[in-house]
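The values are calculated or read from the model by the stated rules, or taken from the named source; none is laboratory data. This one's a predicted model, so the numbers in the text were calculated from it and none came from an experiment. Here the Cβ positions follow ideal geometry from the backbone for every residue, glycine too, while neighbour counts run over all protein chains shown. Each accessible area value is taken on the protein alone, full model and side chains, heavy atoms only, with ligands, DNA and RNA left out. Shrake-Rupley method; radii C 1.70, N 1.55, O 1.52, S 1.80 Å.
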Amino acid sequence: KSPFAMSAMDLDEGVDKDLHSRTIAALGEDVVRAIQASNVLVSGMNGLGCECAKNVLLGGVKSLTIHDTALCSLTDLSAHFFLSEQDLGKNRAEACMAKLQELNTSVVVKALTTGLKPESCAGFSVVVVVDTGLDEAVAINNFCRAQSPPIKFIRVDVRGAAGSIFADFGPGFVVTDTNGENPHSGIVKHITNSNPAVVTVPDDEQVEFGVDEWVTFKGVEGMVEINGGKPVKVTDTKMYNFTIDLDTTKYSKYERKSMNTYGTVMEHKMPKELKCRSLQESMGSPDFSLDPSGMGGMWDFDKFGRTGVLHLCFLALDEYRKGHGGALPGLQDGGAAAEMVKLVHEAKKKTGIEEEVDEGLVKKFARTAGAVLAPMCSIFGGIVGQEVAKAVSQKHHPVYQFVYLDAFEVLGEYEGG
């Protein structure tokens, strides 16, 4: 067990309802309790890593360990709110630990400054790696998956005006509540004797259930067989009726004995199991169809279909850094951009990604990969903070398994060499 992880009994398990009132109101006391029992490791304390650590800390985890072996440089100051010129040359984790601790004194904050080995992650609930090479990240992810229960793993990077998140919560992660909302309910006006059955609601009450949600019935008159039965799946919805996966041809006929009474249909929350794939498998053969939003991991509706190209860019960047001693492409370096285009095409052949490669976009990515933009760090740090809460509480549908986002439109055109 890592000496930097804490057991669930190290701190009082009670919930301070005054301190966490807003979180309890938004997510529920059960989520707050799960967060308070978690130990989180954030590795890589650049501007993005510090944003992740800050949001995890404010979430109220039991303990937060921040890790880094790098020393503070002038580049870090462009997007880091906890470092100043007085910290130049100091270890980044040690330099910002005290300021992070001030944000939430109820969380134990520790700094780890030695090299991060996979076994160092033992005992943590969630491990977040920032600015970590693919080979090292794969080794850590494989270790996390091998634990029982698996340690939740998040890899996040921001490169200039583009960012990516990969989340692996284990091969059998169960989400107990995919949306966190109160269960919907409705009035039953009629149910057909058919296969599948169609349920109608009153004209002044629209259907609130979605496809693949589950429902139960009570108080239905006539067709009493449907009351109190097992949950049934909704297979289709319209404005005033919905179809359920149930054969009611042999049920009694629906009838209302009183004009003032109706049966009730209620949403039944069903757990959902996510079969997360490893980082190694997902990077080499990504499956963006897992994204429940149907956007394929892309959060910008104007850029639907760009996920594959950004995936190739980040894959190519890992290869570029391997061949250049870990260095990023130089800002506005035309030669490095040309090399990145070549690496993207090679990655496309290996992964089988079908999207056409926009070489202009790849060059923009390469020319600015060494820049750090504070707004992008804030966006991705916020997402990671939410994903950590989902990972430990099993509430709300997590990232499954990629997120890609870019803001290349904020960059001007560059016509240099």
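Can you tell which of Asp247, Asp302, Asp236 is open to solvent by 20 Å² or more (accessible area, probe 1.4 Å), touching a residue at least 24 places away in the same chain (Cβ under 8 Å) and outside any loop (DSSP other than H, G, I, E, B)?
Numbers: Asp247 fails: outside any loop (DSSP other than H, G, I, E, B); Asp302 fails: touching a residue at least 24 places away in the same chain (Cβ under 8 Å).
Exactly one residue qualifies, and that residue is Asp236.
If Gly308 satisfies every condition in (1) open to solvent by 20 Å² or more (accessible area, probe 1.4 Å); (2) part of a helix (DSSP H, G or I); (3) more than 30 Å from Trp214 (Cα to Cα) but one, which is the exception?
Just one mismatch for Gly308, condition (1).
Out of the range 91-106, which residues are modelled with pLDDT of 95 or more and under 16 Å from Ser38 (Cα atoms)?
none
Name the residues in the range 279-299 that are modelled with pLDDT of 90 or more and either surrounded by fewer than 18 Cβ atoms within 10 Å (Cβ to Cβ) or more than 24 Å from Pro398 (Cβ to Cβ) (or both), would you?
The answer is Gln280, Glu281, Gly284, Ser285, Asp287.
Determine if the range 196-203 includes at least one residue that is more than 28 Å from His396 (Cα to Cα), surrounded by fewer than 15 Cβ atoms within 10 Å (Cβ to Cβ) and out of contact with any Phe, Trp or Tyr (no Cβ under 7 Å at 6 or more places or on another chain).
yes
Please indicate, with yes or no, whether at least one residue in the range 177-188 is over 30 Å from Val220 (Cβ atoms), hydrophobic (A, V, I, L, M, F, W, C) and open to solvent by 10 Å² or more (accessible area, probe 1.4 Å). Working first, answer last.
Residues of the range 177-188 that are over 30 Å from Val220 (Cβ atoms), as a first pass: none.
Looking through the range 177-188, none of the residues is over 30 Å from Val220 (Cβ atoms), hydrophobic (A, V, I, L, M, F, W, C) and open to solvent by 10 Å² or more (accessible area, probe 1.4 Å).
Return the pairs, sorted by first residue and then second, in which the second residue is in a loop (DSSP other than H, G, I, E, B) and open to solvent by less than 80 Å² (accessible area, probe 1.4 Å), the first residue lies in the range 259-279 and is small (Gly, Ala, Ser), the beta carbons are less than 6 Å apart, and the residues are 6+ apart or on different chains.
Listed pairs, sorted by first residue: Gly263/Gly219; Gly263/Val220.
Checking Ile191 against (1) within 21 Å of Leu317 (Cα to Cα); (2) more than 17 Å from the chain's Cα centre (by Cα); (3) of a type outside the set (Gly, Ala, Ser), which single condition isn't satisfied?
Unmet condition: (1).
Looking at (1) within 34 Å of the chain's Cα centre (by Cα); (2) open to solvent by 80 Å² or more (accessible area, probe 1.4 Å); (3) at pLDDT 95 or above, which one does Phe242 not meet, given that it meets all the others?
Answer for Phe242: the failing condition is (2).
Say we look at the range 141-154 and pick out the residues that are aliphatic (A, V, I, L, M) and without any contact (Cβ under 8 Å) to a residue 40 or more places away in the chain; which of these is nearest to Gly170 (Cα to Cα)? Walk me through it before giving the result.
Initial filter on the range 141-154 (aliphatic (A, V, I, L, M)): 146, 151, 154.
Add one more test, that the residue is without any contact (Cβ under 8 Å) to a residue 40 or more places away in the chain, and what stays is 146, 151.
Working: Ala146: 9, Ile151: 7 Å.
Step by step, filter the range 141-154, then rank; the result is Ile151.
Filtering the range 76-120 down to residues that are under 25 Å from the mean Cα position of the chain (by Cα) and β-branched (Val, Ile, Thr), which residue is surrounded by the fewest Cβ atoms within 10 Å (Cβ to Cβ)?
Val108
Within the range 50-64, restricting attention to residues that are open to solvent by 10 Å² or more (accessible area, probe 1.4 Å) and not hydrophobic (A, V, I, L, M, F, W, C), which residue is modelled with the lowest pLDDT? Before you say what the answer is, go through the steps one by one.
Step one: filter the range 50-64 for residues open to solvent by 10 Å² or more (accessible area, probe 1.4 Å), giving 51, 54-55, 58-59.
Then drop every residue that is not not hydrophobic (A, V, I, L, M, F, W, C), which leaves 51, 54-55, 59.
On the way: Glu51: 96, Lys54: 96, Asn55: 95, Gly59: 90.
If we take residues in the range 50-64 being open to solvent by 10 Å² or more (accessible area, probe 1.4 Å) and not hydrophobic (A, V, I, L, M, F, W, C), then Gly59 is modelled with the lowest pLDDT.
So is Phe209 touching a strand residue (DSSP E or B) at 6+ places or on another chain (Cβ under 8 Å) and under 30 Å from Gly381 (Cβ atoms) or not? Show your work before the answer.
Working: touching a strand residue (DSSP E or B) at 6+ places or on another chain (Cβ under 8 Å): yes; under 30 Å from Gly381 (Cβ atoms): no.
Answer is no for this residue.
Filter the range 397-413 down to residues that are assigned to a loop (DSSP other than H, G, I, E, B) and under 16 Å from Arg159 (Cβ atoms) and give me whichever is least open to solvent (accessible area, probe 1.4 Å).
The first filter runs over the range 397-413 and keeps only residues assigned to a loop (DSSP other than H, G, I, E, B), leaving 397-401, 407, 411-413.
With under 16 Å from Arg159 (Cβ atoms) added as a condition, the list becomes 407, 411.
On the way: Ala407: 21, Leu411: 43 Å².
Going through the qualifying residues, I end up with Ala407.
How many residues are surrounded by fewer than 19 Cβ atoms within 10 Å (Cβ to Cβ), part of a helix (DSSP H, G or I) and hydrophobic (A, V, I, L, M, F, W, C) when one looks only at the range 311-333?
Residues in the range 311-333 being surrounded by fewer than 19 Cβ atoms within 10 Å (Cβ to Cβ), part of a helix (DSSP H, G or I) and hydrophobic (A, V, I, L, M, F, W, C): 0 in total.
Can you tell me which of (1) part of a strand (DSSP E or B); (2) closer than 24 Å to Val42 by Cβ is the one Pro171 doesn't meet?
For Pro171, the exception is condition (1).
Out of Asn227, Asn141, I need the residue that is in contact with a Ser or Thr (Cβ under 9 Å, 6 or more places away or on another chain) and closer than 30 Å to Ser282 by Cβ. Which one?
Numbers: Asn227 fails: closer than 30 Å to Ser282 by Cβ.
Just a single option satisfies the conditions, and that option is Asn141.
Those residues that are closer than 17 Å to Arg155 by Cα and part of a helix (DSSP H, G or I), I need them from the range 273-299; list them, please.
If the condition is that a residue be closer than 17 Å to Arg155 by Cα and part of a helix (DSSP H, G or I), then Leu279, Gln280, Glu281, Ser282, Met283, Gly284, Phe288 are the ones that fit.
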